[in-house]
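The values are calculated or read from the model by the stated rules, or taken from the named source; none is laboratory data. Remember, it's a predicted structure, so these values are computed and weren't measured experimentally. Cβ placement follows ideal geometry from the backbone for every residue including glycine, while neighbour counts extend to all protein chains displayed. Surface accessibility is based on the protein's heavy atoms, side chains included, excluding ligands, DNA and RNA. Shrake-Rupley method; radii C 1.70, N 1.55, O 1.52, S 1.80 Å.
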Amino acid sequence: MSRLKQPTNQKRLTNVAIVRLKKGGKRFEIACYPNKVTSWRNKVETDIDEVLQTPAVFMNVSKGEFAKEDELVKVFGTGDQKEVCLQILAKGELQVTQKEREAQLESMFRDIATIVADKCVNPDTNRPYPVTMIEKAMRDLHFSIKPNKNSKQQALEAIRQLRENEGLKIQRAYMRLRVAAPARDGKKVRESVKKLATKVEEEEFDEHLEMVVLVDPGCYRELDELVQTETRGKGKIEVLSLKHVHEGEETLE
């Protein structure tokens, strides 16, 4: 008995990441290797052959149905399979399973919590919180992850929400700065710096002004612009430490 032949316009692929683009009233798909699409879009991967499982355009990857050349010409203006693949790769939507989506969100959730833990402290003790405590506080807040935003942007939003909530005392860890200014501008600069600084640790005003202060990171740019403006570019700000914290993590008794 002769074997049934698979139609020549079909090719079944497994363990595949599908990128889909709807254009001209039709759906076009390409088959990529898992985890390679994001690398290509971030310009980490530059070899297209490492991204595409096959340089062909499909109507339906799961069913192995290829797109016809005349459809590609009509919709994309070219019948070149690789050229169309590049267009779909650039503009298409990466299809992921529910399980993959949940794994991605969980990974991003932990990334955000890690950034928050790295940037913040308990204001009563000036000690950082462990990531697990930040994660719990974020879950208690029902913090919502937005896949289309990067982790750093969402970490800043998480910090804002955590500060507004009474469940966990938290604040940005202060930066330690050294501010220097010529004597003739010293008095004016000193008063301005004191208004923005959380704490003045050292101050010397003789032939020139020199101060060591703690400031909220959000005030750094304003302080730098203020010093440069009031000293006509002759003042200087030096970052002594990005985070002023006491050693050891904050723990629950």
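For (1) aromatic (Phe, Trp, Tyr); (2) part of a helix (DSSP H, G or I); (3) farther than 30 Å from residue 242 by Cβ, each residue gets a yes or a no:
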residue: 72; (1), (2), (3): no, yes, yes
residue: 79; (1), (2), (3): no, no, yes
residue: 99; (1), (2), (3): no, yes, yes
residue: 103; (1), (2), (3): no, yes, yes
residue: 107; (1), (2), (3): no, yes, no
residue: 110; (1), (2), (3): no, yes, no
residue: 113; (1), (2), (3): no, yes, no
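As a summary of the residue check, residue 124 satisfies the conditions (1) closer than 21 Å to residue 217 by Cβ; (2) within 21 Å of the chain's Cα centre (by Cα); (3) surrounded by fewer than 14 Cβ atoms within 10 Å (Cβ to Cβ) except for the one numbered (2).
Note on segment 61-118: residues that are open to solvent by less than 70 Å² (accessible area, probe 1.4 Å) and under 35 Å from the mean Cα position of the chain (by Cα) amount to 25.
Got at least one residue in segment 91-109 being of a type in the set (Gly, Ala, Ser) and in contact with a Lys or Arg (Cβ under 8 Å, 6 or more places away or on another chain)? Give the derivation first.
In the first step, residues of segment 91-109 are kept if they are of a type in the set (Gly, Ala, Ser); the result is 92, 103, 107.
Restricting the remaining residues to those that are in contact with a Lys or Arg (Cβ under 8 Å, 6 or more places away or on another chain) gives 92.
Yes; the residues of segment 91-109 include at least one that is of a type in the set (Gly, Ala, Ser) and in contact with a Lys or Arg (Cβ under 8 Å, 6 or more places away or on another chain).
Residue count for segment 93-124 under the criterion of being at pLDDT 85 or above and of a type in the set (Lys, Arg): the result is 2. The residue that is most open to solvent (accessible area, probe 1.4 Å), among those in segment 14-53 that are β-branched (Val, Ile, Thr) and in contact with a strand residue (DSSP E or B) (Cβ under 6 Å, 6 or more places away or on another chain), is 16.
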